[in-house]
Structures are given as structure tokens and as C-alpha cells.
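Worksheet for the structure shown next.
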Amino acid sequence: METARTAAASTLSYAIDIGFLDPKKVEFYKTPGGFTGLRYAGNDYKRVTLRRALPIKHPMEYISVADQENKEIGMIRSLYELSEKQFSIAMAELDSRYYSPVVCEVKSVKDKLGYVYMELVIERDGARHVKNCAVKDVNKNIRMLDEDRLAIFDVDGNRYVIQSLNKLDKKSLKRLEPYLF
């Protein structure tokens, strides 16, 4: 029995071994095809994927790095530990994966056939744009992140963030109120 426990514990510890990458040895690069690659520990990964383990609460920490077959290479504890060049390559990759513009205004909200259709004014890269989106199952897809921040997830998988409900204009807040639980 003890041997089985030891074997199970050994397997479990291997399975949950996070394997943090040494930020001084991480070398991200852009391939000629525009993908993000990684040179690390004598290996050259021609295409890697970066994912946030805690995308809302700690977006700059615990970044998973996986190869083309989706096998995790390791995790970066904090992007701030990377050099400036490595940081900018990692951020470009994460920004392309996590489209989450900031909502500045809610122009309209219409409830129709189980969907909530919203016309939002979003800010992305310093410019404001009007964006239409549809939200299904508002109980799950319009969520408070904390006392003042809100996330809206649309049917296309996009995420929109309201950084501060208190700073949102009164008309926008009034339009959202029926969906804030």
C-alpha cells in the first residue's frame, strides 16, 4: 500500500510541477511568418503560445508558455522579470490572444430573444471606436470582477472591461443596471 502511495505521490508531484522558466534565459523572437518563437535551455521552439493563468486578477503574472503541440514548456512567474525586449514580444503575443478593450460608454442595450445586444464605445490603442456585441446568458457573461470593475463576454468570445463603474457616465450605468447582479 505504501509503495502505491509513494508512486501516486511521485506521479502527482510530476504532474503539478510548475516548472518556472528562468527569465534571464528566456529569449522570445518573431519568426519570418510572424509567430512568436522561444529559445530556452538549448531548445528552439519555432512557435509558442502564451496564456495567462490568472487573466483578470494578475494579468502580468503566471504566464504559461506552450509549444506548437500545446505541451507546456514552463511558466513565467512575472513578465516584469523579463528584459524590455522580451517583455514587449510577450506582451504583443498576449495582446493578440486577449482582446479586451476598455468600455468608455454604453450607447444602447436591447434585450431580444434571449440575447442582449449592446452598442459600446471602446478604447483600444488610444482611439475610441463603436463596437456592437451580443451577449447570451447575462448571468454568466456580465460579471463583476470586484466592487467596481465589470467584464462583458460576448457570443464571439470577446471580453470587454469596464475599469470603473463609478467613473462611467450616468446614462451608461443606467443602461447596465438591469444586468448587474
- Item | Members of region 70-90 that are modelled with pLDDT under 95 and closer than 18 Å to GLY33 by Cα | none
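Condition check ((1) without any contact (Cβ under 8 Å) to a residue 24 or more places away in the chain; (2) over 22 Å from ARG149 (Cα atoms)) across all residues:
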| site | (1), (2) |
| --- | --- |
| MET60 | yes, no |
| VAL65 | no, yes |
| GLU69 | yes, yes |
| GLU72 | no, yes |
| TYR80 | yes, yes |
| GLU84 | yes, yes |
| ALA90 | no, yes |
| GLU93 | no, yes |
| VAL121 | yes, no |
- Message: Criterion first (assigned by TED's automatic domain parsing to the domain that holds ASN158, more than 25 Å from LYS30 (Cα to Cα) and charged (D, E, K, R)) does ARG143 satisfy it?
- Response: yes
- Which one of the conditions (1) without any contact (Cβ under 8 Å) to a residue 24 or more places away in the chain; (2) buried (at least 17 other Cβ atoms within 10 Å of the Cβ); (3) outside the structural domain of LYS24 (by TED's automatic domain parsing) does VAL138 fail to meet, given that it meets all the rest? (1)
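Every residue, every condition in (1) of a type in the set (S, T, N, Q); (2) surrounded by 13 or more Cβ atoms within 10 Å (Cβ to Cβ); (3) not assigned by TED's automatic domain parsing to the domain that holds LEU50, yes or no:
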site	(1), (2), (3)
ALA90	no, yes, no
VAL109	no, yes, yes
TYR115	no, yes, yes
ASP125	no, no, yes
ARG149	no, yes, yes
- Message: When you check ASP156 against the structure, is it within 21 Å of the chain's Cα centre (by Cα), under 17 Å from ILE56 (Cα atoms), outside any strand (DSSP E or B) and not assigned by TED's automatic domain parsing to the domain that holds ARG47, yes or no?
- Response: no
- For ASP17, which of the numbered conditions (1) among the acidic types (Asp, Glu); (2) part of a loop (DSSP other than H, G, I, E, B); (3) at pLDDT 95 or above fails to hold? (3)
- Quickly run through region 78-105 and pick out the residues that are under 17 Å from THR49 (Cα atoms), in a loop (DSSP other than H, G, I, E, B) and within 14 Å of the chain's Cα centre (by Cα). TYR98, TYR99
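The values are calculated or read from the model by the stated rules, or taken from the named source; none is laboratory data. What you see is a predicted model, and the numbers here were worked out from it, not measured in a lab. Cβ coordinates were reconstructed from backbone atoms using ideal geometry, including for glycine residues, and neighbour counts include every protein chain displayed.
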